[in-house]
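To start, the structure itself, in structure tokens.
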Amino acid sequence: MNTRLRQTVELVENFWENRRVLVVGDVMLDKYVWGSVERISPEAPVPVVQGSRVTHSPGGAANVAMNLVGLGAKATLVGFVGEDEDATSLLVALREAGVSASLVDVPDFPTISKLRILSNNQQLLRLDFEKKGKRPEKFYNLLIREARDAISSCSAVIMSDYAKGALSDQVCAAIINDARTLGIPVLVDPKSPTFEKYRNATTVCPNLHELALTTSDPSADTEKLLDFGERYVEQFGFDYLTVTLGDKGIAVIRKGLRTHAPAMARQVFDVSGAGDTVIATLALCLGSGLPIETAIELANVAAGIVVSKVGTVPIGRNELLGALSKDIPLHADEKIVSRERLLARLATWRAAGDRIVFTNGCYDLLHVGHISLLERARQQGDRLIIALNSDDSVRRLKGPTRPMVGEEERARVLAALSAIDAVVIFPQDTPLELIRAVRPDVLVKGGDYSEETVVGAPDVRSWGGRVCLIPIVEGFSTSKLIARAMEGMSRAAGAD
């Protein structure tokens, strides 16, 4: 399991940024009024919300695209919008997030929006703004053309159907056919009383309620619904059906075979947008060549993260990596990182709520005093970073005969210690620049320093961190080790 998980983390960390996914579907703008209830209205028995702020974010198919870029990938979004202010707000938010949006303006059809009113993070009311009905045929042709222009450069296609009119039978057939001809997986988030229009997609990803609505027995229990799903696989030419089971996880249904991945236990604040996160994660996995059985495990982790947030909030890659990395012990060579890689890993750790501890030194000829300090430093937080002076830096500080051990060897020895999570080599005389980049919660030095002489102490205190001075082990130092070695060599030479 650890080997597979390690490979998955490497894929998420290093390769998803090279993947582009096409999202076609019902684009929306989610709006929020945040406030608190302090009284009941004298006009009617309804609460009066004292609004404190108003926010908005991309929703529907647009939220799927936001999840994709949040996971580190590239996203192209195709759908309908109106000629209105909401369309402008949506386009600005998508552009700022890095989503490539090819949206078709449809006159007389407003941009679909949902306005949620919340009090103390609890939703009180939702107002939906939309115009029902089919758009004129020429706009569907424009939508198909935009999608076709993007398909060949994508690793996967997501069709995000909210039953708002974008995914007509014609649109679905054209996109599925083009993508499957090119060997590109197509995933569908359905909202239809039948899966007929999704025929030949790689997979359709309903929740149990959506699956029940397509059956002749909507009140059937889970096993009977999954039986219907198994029949659909053959009937509609899917590779498999991927069914989200709420707090029970995700099931993959093939003809004669079912695979179940349990949900990750999390406190649930808001399930809105969780399905978008699941399908975005699945698409990136399939577009990267991962089997669906691995993909659903990853999607479960991602869903567990977003349901712990309030509102439609896309997942971040570092959040996902943070959740995955907790179960993976790093090998020594994986702990030795460049500054850029360290900062990426820091974001992952912080997303998981870890407290960061930082210390630095030359660590030339590691001894028991070093070990004691490092073990006690690790106890000050969740992750310990060692900033290691480069060979040139050591020579400037200690003289031309030092270091006794090269920087690569010193880094490798430190990385082998279980107390240490990352080792980064720095070329400067002091680690101040690195401290400012890392912004540790705790800065550790030996007890032979005072806070006034610790490099970076004022900076760490300025952002709410603290300085920790750990008593040194008397009688141990690299200089004394070298002196003893030299004395021993001299005695041996005299005896000769």
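The values are calculated or read from the model by the stated rules, or taken from the named source; none is laboratory data. What you see is a predicted model, and the numbers here were worked out from it, not measured in a lab. Cβ placement follows ideal geometry from the backbone for every residue including glycine, while neighbour counts extend to all protein chains displayed. Heavy atoms of the whole protein, side chains included, go into the accessibility calculation; ligands, DNA and RNA do not. Shrake-Rupley method; radii C 1.70, N 1.55, O 1.52, S 1.80 Å.
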I need the semi-axes of the equivalent ellipsoid of the range 133-289: take the C-alpha gyration tensor, multiply each eigenvalue by 5, square-root it, list largest first in whole angstrom.
26, 18, 16
Lys and Arg at +1, Asp and Glu at -1: neighbours of A377 with Cβ under 13 Å from its Cβ sum to +2
What trypsin sites (Lys or Arg not before Pro) in the range 111-214 are in a loop by DSSP, with at most 15 other Cβ atoms within 10 Å of the Cβ?
K131, K132, K134
What whole-number value in cubic angstrom gives the convex hull volume per residue for the C-alpha atoms of the range 1-157?
164
Any residue on another chain or 5+ positions along whose placed amide H is under 5 Å from the amide H of N207 is listed here as T244
Helix 368-378 axis, angle to the chain major axis (alpha carbon atoms, nearest 10°)
30
Taking Rh as the Kirkwood radius, which is the inverse of the mean 1/r over Cα pairs, what is the Rg/Rh value for the range 1-84?
1.24
Largest first and in whole Å, what are the equivalent-ellipsoid semi-axes of the range 310-419 based on the Cα gyration tensor, each being the root of 5 times an eigenvalue?
31, 15, 12
Note the direction-averaged projected area, equal to a quarter of the hull surface, for the Cα convex hull of the range 322-380, in nm².
4.8
With each pseudo-label sitting 7 Å past Cα toward Cβ, what's the A437-T55 distance in nm, one decimal?
3.0
D (µm²/s, integer) via Stokes-Einstein for the chain, Kirkwood Rh across alpha-carbon pairs, 4 °C, 1.567 mPa s: value 50
Carbon plus sulfur fraction of accessible area for the chain, probe 1.4 Å, in percent
51
Under 25 °C and 0.890 mPa s, how fast does the range 137-199 diffuse according to Stokes-Einstein, given a Kirkwood radius computed over C-alpha pairs? Answer in µm²/s, whole number.
206
Which residues qualify? For I470, with a placed amide H closer than 5 Å and at least 5 residues away or on another chain, they are K445, G446, G447
Can you tell me, using C-alpha contacts under 8 Å and at least 6 residues apart, the relative contact order of the range 30-176 as a whole percent?
22
Using only Cα atoms, find the angle between the long axis of helix 274-287 and the longest principal axis of the chain, and express it within 0 to 90 degrees, rounded to the nearest 10.
70
How many Å³ per residue does the convex hull of the Cα positions in the range 82-143 occupy?
104
Within the range 352-449, report the trypsin sites (Lys or Arg not before Pro) that DSSP leaves as loop and that have at most 16 other Cβ atoms within 10 Å.
R355
With each label point set 7 Å from Cα along the Cα-Cβ vector, what nm distance links D247 and F129?
3.6
Once you have a ≥ b ≥ c as the square roots of the Cα gyration tensor eigenvalues for the range 345-404, tell me rounded if a/c is under 1.5, and otherwise prolate or oblate according to whether a/b is larger than b/c.
oblate
Grab the beta carbon distance between R39 and Q122, set R0 = 22 Å, and tell me the FRET efficiency rounded to 0.05.
0.85
Just to verify a number: FRET efficiency for V455 and Q7, C-beta to C-beta distance, R0 = 41 Å, to 0.05?
0.55
Greater than 21 Å separation of Cα atoms is the criterion. Which listed pairs, K131/K191; K74/K335; K398/K445; K74/K114; K114/K191, meet it?
K74/K335; K74/K114
Whole-number accessible area per residue in Å² for the chain, which is evaluated in the context of all protein chains at 1.4 Å:
46
Residue-averaged 222 nm ellipticity for the chain, from DSSP H runs of 4+ at -39500 (n - 2.57), nearest 500
-12000 deg cm²/dmol
I'd like the antiparallel share, as a percent to the nearest 5, of DSSP beta bridges with both residues in the chain.
35
Rounded to the nearest 10 Å², what accessible area does F80 have for a 1.4 Å probe in the complete protein model?
10
